[in-house]
Amino acid sequence: MKTIFLDCNDQLAPVWARVIRPNDPAIDVNRAAFAREDLPRVIGGYDIAIDDHSYMPTPLVAQCPELKHIVFLGTGPASYMNVGELEARGIKVHIIKGYGDTAVAEHSIALMVAAARDVARMDREIRAGMWTPHEGVQLLGKTLGVIGLGGIGREVARIGKGMGMEVIGWNRTKHADIEVPLVDIETLLARSDVVSMNLTLGDETRVFLSAERIARMKPGVIYVNTARGALADEAALIAALQSGHIRHAGLDVFHNEPLKADHPLAKLPNVTLTAHAAFRTLEASMTLLRRAIDIVCTIVR
């Protein structure tokens, strides 16, 4: 079976070289950028495609009848492809869980602190010749609401507790090993000074943070999302940031990526942006790529 890593970038290439082994199946690596409509040209003739974060629309994938497996580097393929449609065509979509829980959680906390202290805004202003010390928010004793208590959410909760925050959570299912007090979503939104979004994206969670739920958030809340942009109503989020109902947002994920420079979120001073990089540490990337190769090994052998 022929395999291709369809979108290996300059950052992942040296990591790939570190984790690939001589006895692994042959895997072609494409490092050249390509337009979305050129996807069939890149993956045509391959049985297995490893996908970092390239969009794979069903009509384009349908032009590649040999393709039977997609190994998505992460847990959120629904942002980049219609998993149900692809599986109905006989294409199995594989995901990789738990490879970077600590990395993503640490990034969530970094965005939370940066948002609380206006770090990015002051950095921009100083570089532009302005010296304006902005008043921040002290996080000690504040309430951190964690939406989604999988591996990442639990790490966010653990670090938040270590910082002296009161942590509450909401999860779709109740597990005995969750060590965070669980509340209903309305209570979490009303009580939390900081809301960390850590749900996986699926049909049942898309636009989970609706306009109505955003309106129920505590005035002056800080919102952090390192999960998926589509978990929140984007228009309602922008309106809440513009009005100040949401004091600040720290966002690593967006409805469409890469985020364009003229997007409203990129123009708001009370938004701190990162480029879907929460999981990008050497440690997490090595684990991620090795597990992807192991999935290919399982399929081929």
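Filter region 165-176 for residues that are closer than 20 Å to residue 202 by Cβ and either surrounded by 13 or more Cβ atoms within 10 Å (Cβ to Cβ) or not assigned by TED's automatic domain parsing to the domain that holds residue 106 (or both) and give the result.
Here is the first cut: in region 165-176, the residues closer than 20 Å to residue 202 by Cβ are 169-175.
Hits for region 165-176 are 169, 170, 171, 172.
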Determine whether region 164-185 contains at least one residue that is at pLDDT below 95, small (Gly, Ala, Ser) and on the phi < 0 side of the Ramachandran plot. yes
State yes or no: is residue 231 buried (at least 21 other Cβ atoms within 10 Å of the Cβ) and in contact with a helix residue (DSSP H, G or I) (Cβ under 7 Å, 6 or more places away or on another chain)? no
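Residues are listed down the side, and each one gets a yes or a no for (1) surrounded by fewer than 17 Cβ atoms within 10 Å (Cβ to Cβ); (2) of a type in the set (Val, Ile, Thr):
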| position | (1), (2) |
| --- | --- |
| 118 | no, no |
| 126 | yes, yes |
| 129 | yes, no |
| 142 | no, no |
| 147 | no, yes |
| 152 | no, yes |
| 163 | yes, no |
| 178 | yes, yes |
Residue among 134, 107, 94 that alone is at pLDDT 95 or above, more than 17 Å from residue 228 (Cα to Cα) and touching an Asp or Glu at 6+ places or on another chain (Cβ under 7 Å): 134
For the list (1) of a type in the set (D, E, K, R); (2) in a loop (DSSP other than H, G, I, E, B); (3) assigned by TED's automatic domain parsing to the domain that holds residue 177, I need the number of the one condition that residue 66 fails. (3)
With in contact (Cβ under 8 Å) with a residue 24 or more places away in the chain, surrounded by fewer than 24 Cβ atoms within 10 Å (Cβ to Cβ), more than 20 Å from residue 107 (Cβ to Cβ) and in contact with a Lys or Arg (Cβ under 6 Å, 6 or more places away or on another chain) as the only criterion, which of 220, 244 stands out? 220
Residue within region 267-277 that is surrounded by fewer than 22 Cβ atoms within 10 Å (Cβ to Cβ), of a type in the set (Gly, Ala, Ser), in contact with a strand residue (DSSP E or B) (Cβ under 8 Å, 6 or more places away or on another chain) and modelled with pLDDT of 95 or more present: no
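Among the residues of region 262-281, is any part of a helix (DSSP H, G or I), without any contact (Cβ under 8 Å) to a residue 40 or more places away in the chain and more than 18 Å from the chain's Cα centre (by Cα)?
Our first condition is that a residue be part of a helix (DSSP H, G or I); within region 262-281, this holds for 264-267.
Filter again for without any contact (Cβ under 8 Å) to a residue 40 or more places away in the chain, leaving 264-267.
Those still in the list that are more than 18 Å from the chain's Cα centre (by Cα) too: 264, 267.
Yes, region 262-281 contains at least one residue that is part of a helix (DSSP H, G or I), without any contact (Cβ under 8 Å) to a residue 40 or more places away in the chain and more than 18 Å from the chain's Cα centre (by Cα).
The values are calculated or read from the model by the stated rules, or taken from the named source; none is laboratory data. All values derive from a computational prediction rather than experimental measurement. So basically every Cβ, Gly included, is an ideal-geometry build from the backbone, and we count neighbours across all protein chains shown.
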